[in-house]
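A.B. asks: Dumping the structure here so I can ask a few things about it.
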Amino acid sequence: MLKLNNISKQYHRHGSAVTALQPTTLDIADGEYVAIVGPSGSGKTTLLSILGGMLAPSTGKMQLGTESMYDLSVSARTRLRGAKIGFIFQTFNLIPYLTALENVQMPLCLGGVPKEEQVDRARQTLERVGLGDRTQHLPSELSIGQQQRVALARTLAINPALILADEPTGNLDPETREQVLAMFDEIHKEGRTLIVVTHDPACAARAQRTLRLVNGGIQDSPAGNAARCVA
Ligand code: ADP
Ligand code: MG
């Protein structure tokens with residue numbers, strides 16, 4: 001699904017360069033569940049942003065399916081991202097004056113889905129995450145865990161092949177965290193590719209593979225090493 005060839009990233013600030021990601025060559029297969037772990041400042045968000053087509057690397061190429069992501073025009077890249085990639089953020093990014101249903105409809109609306117189908121799909125997806133009885137609530141009327149599930153529904157509604165999440169369980173109590181992780185297991189079983197940046201050993205332990213970042217360099221570990229990797 002994703003092929004990185006010699007991808008690196010330097011940021012330039014006030015004339016000096018910071019290397020956020022060292023040259024990285026890496027394949028992520030269709031349907032893999034990958035955790036990205038590492039200390040603060042080690043390059044996790046940078047890597048995830050590059051994987052998501054949101055941040056051009058300084059060197060190298062990245063293929064998503066058959067497309068070379070950063071050789072596409074900005075508009076073609078935006079279209080590819082919209083069709084294939086779903087994002088989940090720690091801060092949910094729900095729109096405060098829209099109901100749960102309208103928040104889930106939003107990306108469908110932007111994708112040109114007809115109104116009636118938007119409502120049907122949004123409703124079904126909210127039911128799927130256990131919020132069928134909360135469709136008319138505003139984010140402020142929902143618990144943190146419910147807000148995260150609305151965000152998850154909003155991502156799932158577009159039916160993305162690849163889901164990227166940055167610290168999705170960071171703000172959650174243990175019970176809600178378990179609900180979100182159970183949803184991730186389900187999403188993974190459906191054959192979607194899941195890449196999750198996390199500080200949470202329970203989350204990393206459920207992935208098949210762990211990419212540990214240290215000072216922008218990646219160490220790759222298969223399943224079973226996850227708990228050790230986040231220690
Ligand atoms: P993490 O998500 O693991 O905390 P980041 O990918 O956010 O790490 O950051 C990696 C390194 O790049 C850090 O040293 C950070 O300060 C630097 N960095 C991140 N974003 C920028 C930016 N927009 N401009 C300059 N430096 C940045
Ligand atoms: Mg980060």
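Derivation of every value follows stated rules applied to the coordinates shown; laboratory data play no part. Computed from a predicted model, the values in this text were never measured in an experiment. In this analysis, Cβ positions are derived from the backbone assuming ideal geometry, glycine residues included, and neighbour counts consider all displayed protein chains.
A.B. asks: Go ahead and run the numbers for FRET between K189 and A83, Cβ-Cβ distance against an R0 of 30 Å, rounding to 0.05.
C.D. replies: Calculated transfer efficiency: 0.85.
A.B. asks: When the scattering of the chain is computed by the Debye formula from its Cα atoms alone, each counted once and equally, what is log10 I(q)/I(0) at q = 0.09, 0.10, 0.11 Å⁻¹?
C.D. replies: Computed log10 I(q)/I(0) values: -0.37, -0.46, -0.56.
A.B. asks: Would you mind getting the Kirkwood hydrodynamic radius of segment 109-231 from its Cα pairs, rounded to one decimal in Å?
C.D. replies: After inverting the pairwise mean of 1/r, the radius is 15.8 Å.
A.B. asks: Hey, which of these cross-link pairs are over 20 Å Cα-Cα: K3/K61; K3/K84; K9/K44; K44/K189?
C.D. replies: K44/K189
A.B. asks: Using only helices, what value at 222 nm comes out for the chain when you add -39,500 (n - 2.57) per DSSP H run of length 4 or more and divide by the total residues, to the nearest 500 deg cm²/dmol?
C.D. replies: -10500 deg cm²/dmol
A.B. asks: Kindly provide the pair-distance distribution of segment 1-97 built from C-alpha pairs, with 5 Å bins from 0 and whole-percent values in order of increasing distance.
C.D. replies: 2, 11, 21, 23, 20, 13, 6, 2, 0
A.B. asks: Shifting gears a bit: With θ set to phi - 60°, apply the Karplus curve 6.51 cos²θ - 1.76 cosθ + 1.60 along segment 105-118 and write out the HN-Hα couplings as whole Hz, x wherever there is a Gly or Pro.
C.D. replies: Going residue by residue, I get 5, 3, x, 5, 4, 4, x, x, 6, x, 3, 4, 5, 3 Hz, with x marking Gly and Pro.
A.B. asks: How would V104, V37 line up from fewest to most surrounding beta-carbon atoms within 10 angstrom?
C.D. replies: Least to most surrounded, the residues fall as V37, V104.
A.B. asks: Residue by residue, what Karplus-based ³J(HN,Hα) values in Hz, rounded to whole numbers, does segment 195-204 have, using 6.51, -1.76 and 1.60 with θ = phi - 60° and x for Gly and Pro?
C.D. replies: 10, 10, 7, 8, 9, 9, x, 5, 6, 4
A.B. asks: Farthest toward the dipole's positive end in the chain, which of A161, N5, F92, given Cβ charges of +1 (Lys, Arg) and -1 (Asp, Glu) about the Cα centre?
C.D. replies: Farthest along the dipole direction, towards plus: N5.
A.B. asks: Given segment 2-230, what percent of its DSSP beta bridges are antiparallel, to the nearest 5?
C.D. replies: The antiparallel fraction comes to roughly 55 percent.
A.B. asks: Go through segment 49-64 residue by residue and turn each phi into a ³J(HN,Hα) via Karplus (6.51, -1.76, 1.60, θ = phi - 60°); whole Hz please, and just put x for glycine and proline.
C.D. replies: Per-residue couplings from phi come out as 5, 5, 4, x, x, 9, 9, 6, x, 6, 9, x, 10, 9, 9, 10 Hz.
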